[in-house]
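The block underneath contains the structure these notes are about, expressed in structure tokens.
The values are calculated or read from the model by the stated rules, or taken from the named source; none is laboratory data. As the structure is a computational prediction, the values presented were derived from the model and not from experiment. Ideal geometry is used to build each Cβ from the backbone, glycine not excepted, and the neighbour counts take in all protein chains shown.
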Amino acid sequence: MDERLSARLDELVARLEEVEKELAEAAASDPARLAELGRRHAELREIVDRYEAWRRADTDRREALELAAGDPSLADELSRLAAERREEADRLEAELRRLLAPRDPNDDKDVILEIRAAAGGDEAALWAGDLLRMYERFAERHGFTVEPLEAAPSESGGFSKVTVAIHGRGAYSRFKYEAGVHRVQRVPKTESQGRIHTSTATVAVLPEAEEVEVEIDPGDVRVDVFRSSGPGGQSVNTTDSAVRLTHLPTGLVVTCQDEKSQLQNREKAFRILRARLLQLEQERRDAELAGERRAQVGTGERAEKIRTYNFRENRVTDHRIGLTIKRLDQILDGDLDPFVEALAADEQARRLAEGG
């Protein structure tokens with residue numbers, strides 16, 4: 001381990017001691033402070049535990065080499081032990097570098113997931129429905145819960161747009177890599193000649209914002225209420241329960257009509273609006289740092305894509321990292337972890353490089 005990394009870890013050991021002292025002295029009447037100290041303590045404890053394990057492994061390695069040099073009869077056995085402990089130390093050092101890499105502050109947040117049919121007409125709407133089912137199953141695999149927020153069903157059985165909230169610690173860290181254009185290549189059920197069609201749906205992944213993170217001036221929001229409608233425009237509610245919010249400074253519009261209660265639709269609409277405003281602010285900050293703004297989902301055109309799902313070849317390709325997996329049925333059943341883990345590793349490598 002180089003001196004720079006070792007010095008940084010020694011600083012964190014000292015910081016952990018300070019946090020433990022602050023926790024002992026923190027007033028029970030300040031739950032927000034206690035929660036922040038508890039979160040910081042958990043983060044530091046994870047790093048310090050691995051650092052202490054690394055020091056034990058490194059000490060064992062050095063002692064085994066010293067003993068081997070002084071006792072030729074045990075040299076082979078001690079050299080093997082030294083090699084094992086070196087391997088353990090290297091593994092722990094890699095984990096420490098990962099833990100010290102700059103971290104996305106939104107990783108632990110809940111998620112608002114928006115799926116929209118793009119190029120491809122009815123087939124794109126059906127594809128949006130398939131993606132929703134894939135994400136629901138992916139969420140179940142990780143113990144997350146899915147809450148419907150907003151849906152615009154299509155007459156073909158899919159969705160022109162659907163929005164859900166994903167609840168659970170670390171939800172954003174698992175779902176954030178799904179943002180972008182998802183392209184499907186398959187023969188539609190309505191295709192009589194067996195020709196493959198290409199369709200797309202866009203996915204936006206927004207960390208759910210707390211009220212304290214995004215303050216909305218009530219005077220900046222126009223609230224309209226109207227009767228809910230289903231596919232084809234038919235009325236599905238006899239009261240004005242649907243809610244449309246228009247954020248006047250940005251022009252953002254959010255509509256919710258899934259609930260029978262106007263109050264519930266209003267609450268869900270404000271949650272979506274807060275998430276979108278948080279995303280706008282983050283994009284503004286990113287633009288300042290990077291010098292340009294990169295849109296999350298593009299225009300939805302067929303040529304724009306982060307991932308392609310090819311039914312005839314039973315393959316899924318993630319174009320960002322060049323990874324192809326030939327078990328499309330399992331992936332559509334929510335087995336997205338191979339892609340998520342590879343994308344997370346790629347992100348960590350880039351963050352480490354940016355962090356020096």
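Summary table
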quantity: Residues of region 17-48 that turn out to be closer than 25 Å to residue 85 by Cβ and either more than 28 Å from the chain's Cα centre (by Cα) or outside any helix (DSSP H, G or I) (or both), as a count; calculated: 0
quantity: Condition met for residue 199 (surrounded by 15 or more Cβ atoms within 10 Å (Cβ to Cβ), touching a residue at least 12 places away in the same chain (Cβ under 8 Å), outside any strand (DSSP E or B) and among the hydroxyl-bearing types (Ser, Thr, Tyr)); calculated: no
quantity: Among the residues listed as 65, 23, 99, the single one being at pLDDT below 85 and not small (Gly, Ala, Ser); calculated: 99
quantity: Where residue 53 falls short, out of the listed (1) among the small types (Gly, Ala, Ser); (2) outside any helix (DSSP H, G or I); (3) surrounded by 15 or more Cβ atoms within 10 Å (Cβ to Cβ); calculated: (2)
quantity: Enumeration of residues in region 121-151 that are without any contact (Cβ under 8 Å) to a residue 24 or more places away in the chain and not acidic (Asp, Glu); calculated: 145, 146
quantity: Condition met for residue 143 (within 30 Å of residue 282 (Cβ to Cβ) and part of a loop (DSSP other than H, G, I, E, B)); calculated: yes
quantity: Some residue of region 211-229 being at pLDDT below 90, surrounded by 14 or more Cβ atoms within 10 Å (Cβ to Cβ) and hydroxyl-bearing (Ser, Thr, Tyr); calculated: yes
quantity: Of all residues making up region 146-185, the number that are touching an Asp or Glu at 6+ places or on another chain (Cβ under 9 Å) and assigned to a helix (DSSP H, G or I); calculated: 6
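Rundown of residues vs (1) part of a loop (DSSP other than H, G, I, E, B); (2) crowded, with 16+ Cβ neighbours inside 10 Å, yes/no style:
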residue: 58; (1), (2): no, yes
residue: 62; (1), (2): no, no
residue: 77; (1), (2): no, no
residue: 85; (1), (2): no, yes
residue: 92; (1), (2): no, yes
residue: 115; (1), (2): no, yes
residue: 119; (1), (2): yes, yes
residue: 127; (1), (2): no, yes
residue: 135; (1), (2): no, yes
